Amino acid sequence: MTVPFYVPPEQLMKDRAEYARKGIARGKSIAAVEYADGILLVAENPSGTLHKIGEIYDRIAFAGAGKYSEFEALRVAGIRHADLKGYSYARTDVTAKSLANAYSHALGQIFTQEVKPYEVGIMLAEVGDTTAGNLLFKITYDGTLSAEDHVAVIGGQEEQLAALLRQSYRLDAPLAEAVQWAVAAFQTAGGRTFELTEWEAAVVDRTLGRRAFRRLAASEMAGA
């Protein structure tokens, strides 16, 4: 009988984490910034059809960085989870916090039990009735869940971009100003000027009513 090859558990977890981090770092960054009426999400994304940012439920947006097929599967699963909960109970019972907990559990299970971890970082943004009610959550490849204040970034040059956005952040600024911060931060971090076709952006805006998610047109980004 062949003796199985032994790897210490701590080394196995370390190797899995390094593998996932490298995969996510190869992707492009996605940033979320609060503004007066909601939350802006901006991604560097030259593809006009493969979206990194999407709607999960009435007031909740999803963003995924890393391997597209994996975070898209998570997005679809999140929509099904939200629809079932909203139908079974009430639409108000579907929250970013409950979704973030579900994603955290799922990614944690995959990281510890599957052969290959997911190479993804995901973000959930929920707009509240007031700025104080806004919620931003980040969930990493190993299921680590964190709540962010005002600014959140996943993927790519995460730390540098977050620092630049926090320097520019101003409470209750209009959307146009938030777009300017995001564009300037991405261009400074990337060391170049981006074309309009390289942006993907959306908002969850409380002034839009029940369905708060809206994609921004290139002309709105150009106004920055």
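The values are calculated or read from the model by the stated rules, or taken from the named source; none is laboratory data. Note that the structure is a prediction, hence the values are computed from the model and not measured. Glycine also receives a Cβ, built like all others from the backbone with ideal geometry; neighbour counts cover every protein chain displayed.
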Exercise. Are any residues in segment 30-66 buried (at least 24 other Cβ atoms within 10 Å of the Cβ), among the small types (Gly, Ala, Ser) and under 12 Å from the mean Cα position of the chain (by Cα), and if so, which ones?
Worked result: 31, 32, 43, 61, 63, 64, 65, 66
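Does segment 154-166 contain any residue that is surrounded by 13 or more Cβ atoms within 10 Å (Cβ to Cβ), among the hydrophobic types (A, V, I, L, M, F, W, C), under 30 Å from residue 209 (Cβ atoms) and touching a strand residue (DSSP E or B) at 6+ places or on another chain (Cβ under 6 Å)? Don't jump to the end; show me each part of the working.
If we filter segment 154-166 for residues that are surrounded by 13 or more Cβ atoms within 10 Å (Cβ to Cβ), which is where we start, we get 154-158, 160-166.
Subset that is among the hydrophobic types (A, V, I, L, M, F, W, C): 154, 161-165.
Those still in the list that are under 30 Å from residue 209 (Cβ atoms) too: 154, 165.
Filter again for touching a strand residue (DSSP E or B) at 6+ places or on another chain (Cβ under 6 Å), leaving 154, 165.
Within segment 154-166, one or more residues are surrounded by 13 or more Cβ atoms within 10 Å (Cβ to Cβ), among the hydrophobic types (A, V, I, L, M, F, W, C), under 30 Å from residue 209 (Cβ atoms) and touching a strand residue (DSSP E or B) at 6+ places or on another chain (Cβ under 6 Å).
Here is a list: 79, 122. Which entry is among the hydrophobic types (A, V, I, L, M, F, W, C), surrounded by 13 or more Cβ atoms within 10 Å (Cβ to Cβ) and under 14 Å from the mean Cα position of the chain (by Cα)? Lay out the reasoning, then the answer.
Values: 79 fails: under 14 Å from the mean Cα position of the chain (by Cα).
122 is the lone residue from the list that is among the hydrophobic types (A, V, I, L, M, F, W, C), surrounded by 13 or more Cβ atoms within 10 Å (Cβ to Cβ) and under 14 Å from the mean Cα position of the chain (by Cα).
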Problem set entry | Residue identified as free of Cβ contacts under 8 Å to residues at least 12 places away in the same chain and not hydroxyl-bearing (Ser, Thr, Tyr) among 190, 155, 209 | 209
For this session: Check whether at least one residue in segment 103-113 is among the hydrophobic types (A, V, I, L, M, F, W, C) and under 30 Å from residue 36 (Cβ atoms), and report yes or no.
Result: no
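Would you mind finding the one in 134, 101 that is at pLDDT 95 or above, surrounded by fewer than 22 Cβ atoms within 10 Å (Cβ to Cβ) and not charged (D, E, K, R)?
Details: 134 fails: surrounded by fewer than 22 Cβ atoms within 10 Å (Cβ to Cβ).
Exactly one of 134, 101 is at pLDDT 95 or above, surrounded by fewer than 22 Cβ atoms within 10 Å (Cβ to Cβ) and not charged (D, E, K, R), namely 101.
Somewhere in segment 12-23, is a residue of a type outside the set (D, E, K, R), at pLDDT below 95 and either closer than 30 Å to residue 210 by Cβ or touching a Gly at 6+ places or on another chain (Cβ under 9 Å) (or both)?
Of all residues in segment 12-23, those of a type outside the set (D, E, K, R) come to 12-13, 17, 19-20, 23.
Then drop every residue that is not at pLDDT below 95, which leaves 12-13, 17, 19-20, 23.
Narrowing the set further to residues that are either closer than 30 Å to residue 210 by Cβ or touching a Gly at 6+ places or on another chain (Cβ under 9 Å) (or both) leaves 20, 23.
Checking segment 12-23: at least one residue is of a type outside the set (D, E, K, R), at pLDDT below 95 and either closer than 30 Å to residue 210 by Cβ or touching a Gly at 6+ places or on another chain (Cβ under 9 Å) (or both).
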Problem set entry | Flag for residue 40 being under 23 Å from residue 130 (Cβ atoms) and in contact with a helix residue (DSSP H, G or I) (Cβ under 9 Å, 6 or more places away or on another chain) | yes
Problem set entry | Members of segment 131-151 found to be in contact (Cβ under 8 Å) with a residue 60 or more places away in the chain, assigned to a loop (DSSP other than H, G, I, E, B) and either over 14 Å from residue 108 (Cα atoms) or among the acidic types (Asp, Glu) (or both), listed by number | 134, 142, 150
For this session: For segment 184-203, state whether one or more residues are among the small types (Gly, Ala, Ser), surrounded by fewer than 22 Cβ atoms within 10 Å (Cβ to Cβ), part of a helix (DSSP H, G or I) and on the phi < 0 side of the Ramachandran plot.
Result: yes
Exercise. Got at least one residue in segment 122-141 being farther than 28 Å from residue 203 by Cβ and of a type outside the set (Gly, Ala, Ser)?
Worked result: no
